[in-house]
Amino acid sequence: MRPGDTVRPGSAEEVAAVVRECYARRLPLVPLGAGTGFARGHETTGAEVVVDLGGLDRVRSFDPLLWRMEAEAGVALRTVQRLARENGLHFPVDPGAAELSHVGGAVATNAGGPHTFKYGSMRAWVLGLEAVLAPGELVRIGGPVRKDVAGYDLVSLLCGSEGTLGIVTAAWLRLAPAPAGSWPVVARAADAAALQAGVEQALASGVTPSALEFLDATSARAAGREGPMLIAEADGGEHERDALVEAIGGAPADPAELWRWREGVAYAVEALEGAKLSEDVCVPVDRLAELLDGHAGIAARHGLTPAAWGHAGDGNVHATFCHAPGDAARAERAAQDLFALAIDLGGTITGEHGIGLAKAGWLERQWPPAAVAAQEAIKRTLDPLGLLNPGKKAARPTGSRASA
Ligand SMILES: Cc1cc2nc3c(=O)[nH]c(=O)nc-3n(C[C@H](O)[C@H](O)[C@H](O)COP(=O)(O)OP(=O)(O)OC[C@H]3O[C@@H](n4cnc5c(N)ncnc54)[C@H](O)[C@@H]3O)c2cc1C
């Protein structure tokens, strides 16, 4: 193996052998799933060995009657979803790129999606993990057991660690019985305040929507719809649908037609001016309107067109700056102001995509120094030579911030 090589192991043991050799020879490593991540976490400088997990593509076991599956890191989420569906079950983790993204990548980014509002992000569906830790040890933490508080929660630590603490080789996944049906409901939301009010009404109603999304006027227009709008989904029976209609004052919509926007909205918004920078800031839901109005103000100050859509119920906004190709630096500067706003509002710079390289160095602005020190101590303990995905998820700036 040499820097710049891509290796494609076929088994967890082979992954362990790669990490052992890299650790012995002090070669840095970058784990690679499907490469759909938005935080530039799988990017390389050419000095690393890329470990492509796509060769670990077996579903090791599937017990539909026990609602569980063990899948290797390279299994596509769509395969997990399909197997679940064909057996009357449900796997609700659905990032926009679920068709492509892998189990290992979804674990490493703790991926979410529209149904995170009710069902939680990837961590909520992981019972146990098999992973290679430095300097090349294959370990199993948890397994087909639904509760386990024996140790520190290493499974949670690996979920969302973006390949900086270990390489995930397989996951025990939890599944659930499929809901009887799903019922989208659409409500108009004239402005950011109305949108926040709609979310708060939905929460206060006691109905738990399976998704609570929104599109602002610009992104709705780009997706060929009329906005701004709040899009909620009830799962279960017609009773749940009717309760949701009442809660948000909306009207039922056709599911297939309605959700079609989701697949294309990012690309449609990009086409507006030729390029865009989309972030995934997340704030407490009662600060949503301030975030949206603040985002529009930042865009205006930088001479950019704002667009926003995303997971309103989670306060998680794909706050976007549209720009002409070649004008990325301005959007980058606007994004810095957006991160500062999200932190000021008691939120986070990233609700689902992670830090990667794109936001490396920002955590020290969000967390108190002792918490940053704890994060760095964990990294040093699990990766003493700093060879696992170096430079990614860094809490403090390690050099100049690379452009997103
Ligand atoms: C159109 C589109 C829509 C999206 N929508 C959403 C969304 O709604 N919600 C959301 O959360 N994300 C979304 N994403 C981002 C992306 O799909 C997820 O982050 C995805 O789960 C990453 O999976 P991947 O296999 O592509 O990982 P990659 O992109 O290959 O890797 C992501 C990170 O994880 C690390 N990694 C990958 N595999 C492993 C492993 N086995 N062990 C350790 N580290 C590993 C990589 O080094 C990198 O840091 C979207 C992406 C696209 C393109």
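A few points about this structure:
- The number of Lys pairs in the chain with C-alpha atoms less than 30 Å apart, excluding pairs fewer than 8 positions apart on the same chain, is 15.
- Among 359, 147, the sequence by solvent-accessible area, most first, with a 1.4 Å probe is 147, 359.
- Between the alpha-carbon centres of region 102-145 and region 272-336 there is a gap of 29 Å.
- Mean separation of Cα contacts under 8 Å, 6 or more apart, over the residue count of region 323-398: relative contact order %: 36
- For residue 86, the shell of other residues with beta-carbons less than 15 Å away shows a net charge of +2, using +1 for Lys and Arg and -1 for Asp and Glu.
- Shape category assigned to the chain from the gyration tensor of Cα positions, a/c cut at 1.5: oblate
- Sum of side-chain charges, residue 112 neighbourhood, beta-carbon under 14 Å (Lys, Arg +1; Asp, Glu -1): -2
- Average Cα contact separation per residue, region 197-289, under 8 Å, 6 or more apart, as relative contact order %: 27
- Within the assembled protein chains, the solvent-accessible surface assigned to residue 60 is about 60 Å², based on a 1.4 Å probe.
- Cα-centre dipole for the chain with unit charges at Cβ (Lys and Arg positive, Asp and Glu negative), debye to 20: 1060
- Volume per residue that the Cα convex hull of region 160-265 spans, once the total is divided by residue count, Å³: 161
- Difference of contour (0.36 nm per residue) and Cα-Cα distance, residue 271 to residue 157: 37.3 nm
- Relative contact order of region 10-148, pairs being alpha-carbon contacts under 8 Å that are 6 or more residues apart, as %: 24
- Residue (of 274, 398, 360) at the positive-pole extreme of region 255-404, dipole from beta-carbon charges: 398
- Computed label-point distance, nm, for sites residue 13 and residue 61 using a 7 Å Cα→Cβ extension: 1.9
- Summing Lys and Arg as +1 and Asp and Glu as -1 over all other residues whose Cβ lies under 11 Å from the Cβ of residue 196 gives a net charge of -4.
- Using the average count of surrounding beta-carbon atoms within 10 Å as a protection proxy, the listed peptides 343-351, 31-39 rank, highest first, as 31-39, 343-351.
- Between residue 180 and residue 1, residue separation times 0.36 nm minus the direct Cα-Cα distance comes to 59.3 nm.
- Rounded to the nearest 20, the size of the Cβ-charge dipole of region 52-120 about its Cα centre is 200 debye, with Lys and Arg at +1 and Asp and Glu at -1.
- Per-residue extension of 0.36 nm, minus the Cα-Cα distance of residue 20 and residue 188, leaves a gain of 54.9 nm for this segment.
- Total charge dipole magnitude, region 13-56, about the Cα centre, Cβ charges on Lys, Arg, Asp, Glu only, Debye to nearest 20: 180
- R0 of 41 Å, Cβ-Cβ distance residue 375-residue 203: FRET efficiency to nearest 0.05: 0.85
- The residue list 234, 250, 117 was ranked by how far each Cα lies along the charge dipole of the chain toward its positive end, using unit charges on Cβ atoms, and 117 comes out on top.
- Solvent-accessible surface ranking, highest first, for 23, 152 at 1.4 angstrom: 152, 23
- Residue among 65, 168, 297 farthest towards the positive dipole end of the chain, charges placed on Cβ: 168
The values are calculated or read from the model by the stated rules, or taken from the named source; none is laboratory data. Computed from a predicted model, the values in this text were never measured in an experiment. Every residue, glycine among them, receives a Cβ derived from its backbone with ideal geometry; neighbour counts consider all protein chains shown. The accessibility values were calculated without ligands, DNA or RNA, using every heavy atom of the protein model including side chains. Shrake-Rupley method; radii C 1.70, N 1.55, O 1.52, S 1.80 Å.
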